[in-house]
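The structure under discussion is supplied below as structure tokens; questions concerning it will follow.
What follows is calculated from the coordinates using simple rules that are stated; it is not laboratory data. Quick caveat: nothing in here was measured; it's all calculated off a predicted structure. Don't worry about glycine lacking a Cβ; one is built from the backbone with ideal geometry, like all the others, and counts go over all protein chains shown.
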Amino acid sequence: MEEYDDLIPEPGEDGIVDMTHRGWKHLDKVVWLMGPAVLQLNLGFNKLETLPDEIVLLTLLRDLNIEHNALSEIPACFGKLRRLRSVKANNNSIESIPEELGDCHMLEELHFKDNRLKTVPKTLEKCDVLNTLDLTNNKLDILPVEIGYTWRARPRLPAPLAPA
């Protein structure tokens, strides 16, 4: 993909890499070579089908936007992104959230609207500062009790799951 290297932006001083609206199905390995320089990665509005485990090389990643792609899963290795604060994964085909995401104790926002989620891991109860969990328009029947008892955030839920 060397002939397209100019299409991959370098992170600015603010640590933002914007790779939206590129039509990519796969990411070039040069993205992972940016490592700790990336604080915010915007991959929205592409055609990504998978995210490789190499994403853990972005050790200081705080904000990840993967909205409007063709993703069916989130890799379990996301649990190693300990500085992750926000994940925007709306409008994909994601069927489950990995339990390991509960190891990201700095998570403040999770946006999984318009996916195919059937369950939510109870390990999200460990995300003490989580204040937004958007699960609207999924295939959820119930939420784990652990989330309801310990979680301070106000989830956006489909009407049948919303509290009366």
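Convert each backbone phi in the range 34-50 into a coupling constant with the Karplus relation 6.51 cos²θ - 1.76 cosθ + 1.60 (shift: θ = phi - 60°), then list the ³J(HN,Hα) values in order as whole Hz, x for Gly and Pro.
6, x, x, 6, 9, 9, 9, 10, 9, 10, x, 6, 10, 10, 4, 9, 9
So what J values fall out for the range 18-27 if you push phi through Karplus, 6.51 cos²θ - 1.76 cosθ + 1.60 with θ = phi - 60°, rounded to Hz, Gly and Pro as x?
Karplus-based 3J(HN,Hα) across the range 18-27 equals 9, 10, 6, 6, 10, x, 7, 9, 9, 9 Hz.
Between L117 and residues 5 or more places away or on another chain, which pairs have amide H atoms under 5 Å apart, with H built 1.01 Å from N, and which residues are they?
Under 5 Å from the amide H of L117 lie the amide H atoms of K139, each far enough along the sequence or on another chain.
I've got another one for you. If you take the square roots of the eigenvalues of the alpha-carbon gyration tensor of the range 39-148 and sort them as a ≥ b ≥ c, do you get rounded (a/c under 1.5), prolate (a/b over b/c) or oblate?
Oblate shape, in that a/c is at least 1.5 and b/c is the bigger or equal ratio.
Magnitude of the Cβ-charge dipole of the range 43-155, K/R +1 and D/E -1, about the Cα centre, nearest 20 debye?
The dipole of the range 43-155 has a size of about 220 debye.
Once amide H atoms are built 1.01 Å from N in the peptide plane, which residues 5 or more positions from D134, or in another chain, come under 5 Å H to H?
Correct list: L110, H111, F112, R156.
Apply the a/c threshold of 1.5 to the C-alpha gyration tensor of the range 74-113 and tell me whether it is rounded, prolate or oblate.
The shape class here is oblate.
While we're looking at this one, here's another question. Which of L130, L84, L101 sits closest to the plus end of the dipole of the range 25-143, meaning its Cα is farthest towards the positive end, when Lys and Arg get +1 and Asp and Glu get -1 on the C-beta?
Checked the options; the winner is L84.
Another question about this same structure. Tell me, how many Å apart are the Cα centres for the range 77-96 and for the range 104-148?
Computed from Cα coordinates, the inter-centre distance equals 11 Å.
What does the charge dipole of the range 21-108 about its Cα centre add up to, to the nearest 20 debye, if the Cβ of each Lys and Arg holds +1 and the Cβ of each Asp and Glu holds -1?
Rounded to the nearest 20 debye, it is 360 debye.
Would you list, by chain and number, the lysines whose Cα falls below 27 Å from the Cα of K113, excluding same-chain residues fewer than 8 positions away?
K25, K47, K80, K88, K122, K126, K139
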